[in-house]
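The numbers here are math on the coordinates, done by the rules we state, and not lab data. Remember, predicted model here, so these are calculated numbers, not experimental data. So basically every Cβ, Gly included, is an ideal-geometry build from the backbone, and we count neighbours across all protein chains shown.
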Amino acid sequence: MSRVCQVTGKRPVTGHNVSHAKNHTKRRFLPNLQSHRFWVEAEKRFVTLRLTPKGMRIIDKRGIEAVLADVRANGHKV
């Protein structure tokens, strides 16, 4: 499973570890992905999404039905 937030689309980015001597080595910054179950009242079932805490705040603000419509429009099977 890819490390991509289903709501925000946030994915790993690359950067550098920088030592005290200023040596640069490549590294990846991974998103803080969480699996979370949401109850969808319109469908009378739970939906599991893999998202970041920012995605959870978006769901708190807009509602699960509105966010699910966007996720499905982006081609994710939910």
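When only alpha carbons of the chain are considered, Rg and Dmax amount to 16.3, 57 Å.
Mind pulling the angle between the C-alpha long axis of helix 53-62 and the longest principal axis of the chain? Nearest 10 degrees, somewhere in 0 to 90. Tilt relative to the chain: about 30 degrees. Partners of LYS54 within straight-line reach, counting lysines whose Cα lies under 20 Å from its Cα and excluding those fewer than 8 residues away in the same chain: LYS10. Each residue, ASP60 and PHE46, gets one label point 7 Å from its Cα in the Cβ direction; the gap between the two is 2.1 nm. Calculated FRET efficiency, ASN17 to ALA73, Cβ-Cβ distance, R0 = 30 Å: about 0.20 to the nearest 0.05. State the answer as a single residue: which of LEU33, LEU68, HIS20 lies farthest towards the positive end of the charge dipole of the stretch 13-73, with beta carbon charges of +1 for Lys and Arg and -1 for Asp and Glu, about the Cα centre. Looking along the dipole axis, the top candidate is HIS20.
Ellipticity at 222 nm from helices only: DSSP H runs of n ≥ 4 in the chain, each -39500 (n - 2.57), divided by the residue count, give -7500 deg cm²/dmol.
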